[in-house]
1. If I filter segment 277-288 for residues that are assigned to a loop (DSSP other than H, G, I, E, B), surrounded by 19 or more Cβ atoms within 10 Å (Cβ to Cβ), of a type outside the set (Lys, Arg) and over 20 Å from the mean Cα position of the chain (by Cα), do I get at least one hit?
2. Where residues in segment 1-28 are among the hydroxyl-bearing types (Ser, Thr, Tyr) and out of contact with any Gly (no Cβ under 7 Å at 6 or more places or on another chain), which of them is surrounded by the most Cβ atoms within 10 Å (Cβ to Cβ)?
3. Suppose the filter is closer than 30 Å to LEU300 by Cβ, at pLDDT below 95 and in contact with a strand residue (DSSP E or B) (Cβ under 7 Å, 6 or more places away or on another chain); does ASN115 pass it?
4. Can you find a residue in segment 231-250 that is under 23 Å from ILE289 (Cβ atoms), acidic (Asp, Glu) and modelled with pLDDT of 95 or more?
5. Looking only at segment 187-209, how many residues end up being at pLDDT 95 or above and either buried (at least 16 other Cβ atoms within 10 Å of the Cβ) or within 16 Å of ASP249 (Cβ to Cβ) (or both)?
6. Scan VAL333, VAL305, VAL325, VAL314 and give me the residue that is under 20 Å from the mean Cα position of the chain (by Cα), on the phi < 0 side of the Ramachandran plot and of a type in the set (Val, Ile, Thr).
7. Regarding THR154, is this residue out of contact with any Phe, Trp or Tyr (no Cβ under 7 Å at 6 or more places or on another chain), farther than 16 Å from VAL296 by Cβ, of a type in the set (Val, Ile, Thr) and surrounded by fewer than 19 Cβ atoms within 10 Å (Cβ to Cβ)?
8. Being surrounded by fewer than 19 Cβ atoms within 10 Å (Cβ to Cβ) and touching a strand residue (DSSP E or B) at 6+ places or on another chain (Cβ under 9 Å) is the filter here; which residues of segment 52-66 pass it?
Amino acid sequence: MPQEMELSTALEKWLKSRPDLDVTEVTFSRASNGFSAETIFAEILGHGGQRTDLVFRIEQPGGQIFLDTDIADQARVLKSLADNGIPVPEVLALEEDCSVVGRRFLVMSRVKGKNFPQSPNYLANGWVKELDASQRTQLWANALTLLGRINRLTAADGFEFLDRPKYGKAGLGQYLEWLAAWRDEAVGDQPGEVINAALDWLLANRPGEVPVQFIWGDSNPCNILFDTDLSVSAALDFEAAALAPGEVDLGWWFFMERRRSHGRAQLSGVPDRAESIAIYEAALGRPAIAVDYFEVLGGLRMALVIARTNRRLVETGKLSQLGAVAQHNPIVVTLAELIGKDPPAVGEDFSNFVSAVAGR
């Protein structure tokens, strides 16, 4: 795997070899080094002095947090979303020849905009808190409308390739079987009583017929870019896209909001739960079904993210042992509360996990 300088040199050579690009000079800056992909920004200067901003997403084989993700599928998702009028970065190239940099990579246009700050929490500091109440109302309405528009899409809108028949027929049943397989991979032999109880709860309390639609998979405002007028510039990060009830995304949204606002007062102007559902339903074109059920599902998914990330930190040498992080963390505490289980304690293992994530 190339070192940073070698990687930049290889990418610049690749850019200059492209007949569809006018490249005289390239400036690179690293955005992040995630588990599933490394993100690098590139500013291209052309012969006429024009500047073009690109984003490289370079896969990290074996580093995926969500089960069954594939960078080629992500490119296909973005293209289909664009074809359906959803604002997303334009896919410029998918390079599947690993001889270029040792890994496959995706090249996209870089979209201007700002997302919700994750650290510090947007409830504590940052541009979202600095808005007035009416602006925050509009911001949330724009985000939830986007979510409803995305979930209104179906397999027939260019997403048939997301069907995973090895887990059963497309729909909630297939998605739950995929979750069970992901649980087995992420948790393994770690302590995971609450995770297992949550999956059992979801299987025992399945709602009736729920439409099969396209789901984003990581629907939270940190993955939305907003323009200066608070309109949506682009939706980002479709690594976990799938075919399932649209409510999977709404439940993830609400669970993440629950965690972010834990111990903090919500900001003025933010629609309450009922108002948020109504905004979403208007864009979805139908009533939302069993929202509380899908919030539990969102909690389970986030618990599996923690468990898989913990395992990945051990695999990469950032942690010496798995410990009990999969069972003893704040996400699992909230998940336990939602299904009526006694919440576990959060101990030193989780503190070590947080430090390892911050230091990677």
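1. Yes, there is a match, as at least one residue in segment 277-288 is assigned to a loop (DSSP other than H, G, I, E, B), surrounded by 19 or more Cβ atoms within 10 Å (Cβ to Cβ), of a type outside the set (Lys, Arg) and over 20 Å from the mean Cα position of the chain (by Cα).
2. Out of the qualifying residues, it is SER8.
3. yes
4. Scanning segment 231-250, I find at least one residue that is under 23 Å from ILE289 (Cβ atoms), acidic (Asp, Glu) and modelled with pLDDT of 95 or more, so the answer is yes.
5. 8
6. Going through VAL333, VAL305, VAL325, VAL314 in turn, just one is under 20 Å from the mean Cα position of the chain (by Cα), on the phi < 0 side of the Ramachandran plot and of a type in the set (Val, Ile, Thr): VAL305.
7. So THR154 does not fit the description; no.
8. THR52, ASP53, VAL55, GLN60, GLY63
The values are calculated or read from the model by the stated rules, or taken from the named source; none is laboratory data. Please read these numbers as outputs of a predicted model, since none were measured by experiment. So basically every Cβ, Gly included, is an ideal-geometry build from the backbone, and we count neighbours across all protein chains shown.
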